[in-house]
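See below for the structure under consideration.
The values are calculated or read from the model by the stated rules, or taken from the named source; none is laboratory data. Note that the coordinates shown come from a computational prediction; the quantities given were computed from them, not determined experimentally. Heads up, the Cβs are rebuilt from the backbone with ideal geometry, glycines too, and the neighbour counts pull from every protein chain shown. All accessible areas refer to the heavy atoms of the entire protein, side chains included, with ligands and DNA or RNA removed. Shrake-Rupley method; radii C 1.70, N 1.55, O 1.52, S 1.80 Å.
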Amino acid sequence: MPQIALIGRQNVGKSTLFNALIGRKKSIAYDQPGVTRDLVSHQFENIEGNFNLTDFPGLENPDKLKDDRLSRESIEHALSRLHHYHLLLWVVDRRGLDSYDYHLADLLRKQHKPVWLVVNYVDDPSLENEATDFYSLGIEKVFFVSALNRRNIALLRESMVKHFQAKPIENENNLEENNAVKLAIIGKPNAGKSTLFNLLLNDQRALISDIPGTTRDSIEEVFSYNGEPLKIIDTAGLRKKRKVHENVEFYSTTRTRRSIEEADVVILLIDSQEGIDRQVKNLISRLQEQMKPLVVGLNKVDLFEKDSYARKKLEEDIEDLQNTFFEFPIVFFSAQTGKRALKLIERAIKLHQKATQKIFTARLNQVLAELKDNRIIKSNRINLNYITHASPQLKFLVFTNRERIPNNVNRYLQSRLSKAFDIADLPVKIEFRSKYGNKRT
Ligand code: GDP
């Protein structure tokens, strides 16, 4: 289905246009600086075709937002999603452009997608003659509309229909690929990465790899698991046996670092006969720092004897790690027999869904209010003024009266938030800001 993005700066009448296009009051006017908003999306149908229209948060010049990092992040996040769309509708205000609009024009052009400029507040045709400025943005297709008076809205809709009739979406799977959850399978040599990968390749319950554009030799492979598109990163590294010397820190190889960076979720394989060592600890510490969701797969369980001491010891070591870092899920499995191997994938998908959820400010502040009278908070004379979720990751900003927050307070807040929102299995970060706007971690 064609995916259309509605983008524009604050106060250009974007929400009104969204409502006019879908013919209903779905998007509330929300062009409010400094607040992260979810993308509002609506599917509309007519005889000629179906579309999905997504209303983006109001963009603003980052320089004007100054210290408002939250807003900057929400804008960056929104912009990073533009490649998911087939058509970008860019709304501007008839009353003028400034340098940021030219910057946006550049940025939108770089997406290599069709961009249409929709000049709003043109209530009267005579105003169109004054609006020649807009052509200087270098956007070929320009519409003059009044969202409020529904002027030229029908024309805009018809043009959309015609556009997609003339240029049907070539490969829906490309979009699917873009939406795929990206998984990196990492681990020391001989942990069983290639065996797991081959198992996934051959397991028809889990994987269909006939998505066009991906071949057996490509570096990334798109699969689907229960209808959920998945992308396994660096499959070349998983297929060919790598000659990595045992004592090389495996996470510090460029290849592993790159895979981690790109991944939505990291699957770390450990040979359960080998157990946990310093390298594993270092790696988990880094993943926590990078806020990467992690599933630990303990491979080769078929080699354990029943109720063995070795297995108990491993369980204890893992528990220590979970207490030190965060309570990442673990799966005991066997890549060779396939036992519980799909659980790894299931857990990874669930984690991704959790990690990308939006946690609402009202609920967060409710939880914060409950902590205000706690002994740790009081004895440190900390006023917890306000908390907000700086998505897309599980990062929270807490506004306080103090410039420096002791580590134990940070840990306390982290653990309370993790419990309250059931996210203890994910890396969570809190950044503190004093009312002076200084950032302290
Ligand atoms: P990689 O270096 O991480 O890709 O590891 P491989 O997938 O090549 O596996 C290393 C060795 O461990 C191979 O000889 C595999 O057959 C073996 N292996 C992998 N998974 C299992 C398992 O679940 N049980 C047993 N017994 N052996 C396994």
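Going highest first, how would you order 381-390, 187-196 by mean Cβ packing within 10 Å?
Taking the mean over residues of other Cβ atoms within 10 Å, the ranking is 187-196, 381-390.
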Accessible area of the stretch 335-441 divided out per residue, in Å², using a probe of 1.4 angstrom: 53 Å²
By the C-alpha gyration tensor axes a ≥ b ≥ c (rounded if a/c is under 1.5, else prolate when a/b exceeds b/c, else oblate), the shape of the stretch 252-359 is prolate
Return the subset of Lys141/Lys292; Lys113/Lys188; Lys188/Lys419; Lys300/Lys354; Lys350/Lys372 for which the Cα-Cα distance in this structure is over 30 Å, preserving the input order. Lys141/Lys292; Lys113/Lys188; Lys188/Lys419; Lys350/Lys372
Output ordering of 342-350, 315-323 (per-residue mean of other Cβ within 10 Å, highest first) is 342-350, 315-323
Rounded to the nearest 10 Å², the 1.4 Å probe accessible area of Asp63 is 120 Å²
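So with the 1.4 Å probe, I'd like the accessible area per residue for the stretch 88-177, rounded to whole Å².
Accessible area per residue, the stretch 88-177: 54 Å².
Report, to the nearest whole %, how much of the accessible area of the stretch 106-161 belongs to carbon and sulfur atoms, 1.4 Å probe, protein only.
On the way: 1430 of 2990 Å².
Of the solvent-accessible surface of the stretch 106-161, carbon and sulfur hold 48 percent.
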Judged on accessible area alone, 1.4 Å probe, highest first, Asp93, Asp106 line up as Asp106, Asp93
Looking at the P(r) of the stretch 322-441, how many percent of alpha-carbon pairs lie beyond 25 Å? 31 percent
